[in-house]
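First up is the structure itself, then whatever we jot down about it.
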Amino acid sequence: MQLKRDEGGVRRRLIAASCALLSASAGRAQEAPSTGMERALSDWSLDSALAYYHEDGRVQVIEPVVSVTKAYGDGASAGLNLTFDALSGASPNGASPSRMPQTFASPSGKSLTGGKHNYTTAPGDLPEDPHYSDLRAALGADWTLPLERLLTASFGAKLSYEDDFYSGSANASIARDFNQKNTTVSFGASYEADSLHPIGGTPVPLSNYALFEKTGNQNKDGAGLLLSLTQVMSRNWLSEVNFSLDRFTGYLNDPYKIISVIDASGDVRGYVYENRPDSRTRKSVYLDNRVAWERSSAGLSLRYMADDWGVHSETAQLHLQWWIGERDKYVRPTLRWYRQTAANFYTPWLLDFTAPGLSSASSDSRLAALQALTYGLKYGIKLRDKLGRESSEFNVRIEYYQQTQENGIPGPGALRGLDLYPDLKAILVQIGFSY
Amino acid sequence: MNRRALGLILIVGAAVVASGCASLGVKPWQRDLLSRQDMQLSGNAVDDAIDDHLYFSKEASSGGRSFAGGGCGCN
């Protein structure tokens, strides 16, 4: 009896499902693109955003991004993306604060006296070049191509242009599905070639800043490998683990960064240009987990990275997403925590212009031991077309980023009591539209 | 550890992972939640690109989720 009742239930559910499928098919037939333009656009998708980034007292960036993708019937897709950055404001030059005013030249300057863009930093302030500006344009393309039912190849290329930096990169990956497409293993390789044309020439590494010793353009290049395993764990749980290895060689300095040379009493004696090793090998492990519920989802990603400069970092990022209303709106709070150790050649200052055996040194705060927190919130709303289908999305996102240096070496003599390692605080506001 | 032992560990490890993965997963008709936009690993590609550029220019680490790269003079 029990079996018979069950069979009846199954039959009713099958009939209901068939009716639902038929009505959905009929609906889709009625909703088919009606004009030539709609038909032409139905395989295209667009993702765009305009971001504004502002650091407290430092740089600001306006960054528009447009990405278009065309899907083909056989599962292939091709995409193009275009990014612009307009950056302006003040950027730390690497020197330490001092009890005395400090005067610096612009990167194109040839003298510390009377230069057009020379600037003076007030006592106690972090030295920053106030005339920093840059424009960047980047064009990327990607192509995904199914080779067989379970085998997919992907290719990507990117060109990036700034006044003082040109970059080209390419990558290729192959992915294989297993276990009814619940497991995907992919392997890829990338190559990048960069050319640096610093404004005013490339400074001679570790040379005295006041001597303006400059050389010509520089190059660097890098190659990377990425192995990825994606696994469907259950109906609502997806997991991914990536292993990556990359190595960059060539000119890896920041040509605009200098280091203060101070004496034992903390007084500034001058500055030298930084110098970093000419190769860097990085390894990382990245784990991403996504869990879905009926009206919400959560994602937790963890990354561990280590390089041969002595930098080890841990990153944890958590996001939640709640669908609200008729599941046509969502809110997405994000929290990111990051910590890194210092590069082994990081030093906030030097005690001598020509320290014996010194081959690499940088006071760039990005190579110091630091911790950062990001708080983010995104709100999105799905927009319907004239036939009532969800066809596009408008969203707005805001992020607050705070970076704090750790284990800063106390300043000797006159530097005591100065804020030698000020926090970095930044805000990002972004609006986005996708179709 | 010699090469042979390391090779054996890798083979056994790969077999354990492969057999573990084979018992996981769902049937094609159970992918309703997994197909949702918020469950796509690259579902916020533009946001991720903007964030990666920000972190690349302020921290010493990059990549992990995808290929690490430059494409920016900010070192």
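What number of residues within the stretch A:45-100 satisfy the criterion of being part of a loop (DSSP other than H, G, I, E, B) and under 30 Å from A:ILE409 (Cβ atoms)?
Residues that pass the stated criteria total 12.
Could you check how many residues of the stretch A:74-116 are of a type outside the set (A, V, I, L, M, F, W, C), over 31 Å from the mean Cα position of the chain (by Cα) and surrounded by fewer than 15 Cβ atoms within 10 Å (Cβ to Cβ)?
8
Taking the stretch A:118-139 as the search range and keeping residues that are more than 14 Å from chain B (Cβ to nearest Cβ) and over 18 Å from A:TYR271 (Cα atoms), which one is surrounded by the most Cβ atoms within 10 Å (Cβ to Cβ)?
The extreme case among them is A:HIS131.
Considering the stretch B:51-64 alone, what residues qualify as being farther than 21 Å from A:ARG397 by Cα and within 8 Å of chain A (Cβ to nearest Cβ)?
If the condition is that a residue be farther than 21 Å from A:ARG397 by Cα and within 8 Å of chain A (Cβ to nearest Cβ), then B:GLU59, B:ALA60, B:SER61, B:GLY63, B:GLY64 are the ones that fit.
Please verify whether the stretch A:297-309 includes one or more residues that are assigned to a strand (DSSP E or B), modelled with pLDDT of 95 or more, within 9 Å of chain B (Cβ to nearest Cβ) and under 30 Å from A:HIS197 (Cβ atoms).
yes
Yes or no, residue by residue, for (1) out of contact with any Lys or Arg (no Cβ under 9 Å at 6 or more places or on another chain); (2) outside any loop (DSSP other than H, G, I, E, B); (3) assigned by TED's automatic domain parsing to the domain that holds A:SER108:
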{"site": "A:ALA138", "(1), (2), (3)": "no, yes, yes"}
{"site": "A:THR144", "(1), (2), (3)": "yes, yes, yes"}
{"site": "A:LYS158", "(1), (2), (3)": "yes, yes, yes"}
{"site": "A:ALA170", "(1), (2), (3)": "no, yes, yes"}
{"site": "A:ARG176", "(1), (2), (3)": "yes, yes, yes"}
{"site": "A:GLN180", "(1), (2), (3)": "no, no, yes"}
{"site": "A:SER186", "(1), (2), (3)": "no, yes, yes"}
{"site": "A:ALA189", "(1), (2), (3)": "yes, yes, yes"}
{"site": "A:GLU192", "(1), (2), (3)": "no, yes, yes"}
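Condition check ((1) closer than 24 Å to A:TYR271 by Cβ; (2) within 12 Å of chain B (Cβ to nearest Cβ); (3) touching a strand residue (DSSP E or B) at 6+ places or on another chain (Cβ under 6 Å); (4) modelled with pLDDT of 95 or more) across all residues:
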site	(1), (2), (3), (4)
A:ALA153	no, no, yes, yes
A:GLY156	no, yes, yes, yes
A:GLU162	no, yes, yes, no
A:SER173	no, yes, yes, yes
A:ASP177	no, yes, yes, yes
A:ASN182	no, yes, yes, yes
A:GLY188	no, yes, yes, yes
A:TYR191	no, yes, yes, yes
A:GLY200	yes, no, no, no
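Note down all Cβ pairs under 7 Å where the first residue falls in the stretch A:72-84 and is within 13 Å of another protein chain (Cβ to nearest Cβ), the second is polar (S, T, N, Q) and part of a strand (DSSP E or B), and they're at least six residues apart or on different chains.
Between residues of the stretch A:72-84 that are within 13 Å of another protein chain (Cβ to nearest Cβ) and residues that are polar (S, T, N, Q) and part of a strand (DSSP E or B), the close pairs are A:SER77/A:THR69; A:SER77/A:THR144; A:GLY79/A:SER67; A:GLY79/A:THR69; A:ASN81/A:SER67.
Evaluate the stretch A:249-269: report whether one residue or more is of a type in the set (D, E, K, R), away from every other protein chain (no Cβ under 12 Å) and part of a strand (DSSP E or B).
Yes, some residue in the stretch A:249-269 is of a type in the set (D, E, K, R), away from every other protein chain (no Cβ under 12 Å) and part of a strand (DSSP E or B).
The values are calculated or read from the model by the stated rules, or taken from the named source; none is laboratory data. The structure presented is a predicted model; accordingly, all values stated were derived computationally and were not measured. Please note: Cβ atoms are built from the backbone with ideal geometry, for glycine as well, and neighbour counts cover all protein chains shown.
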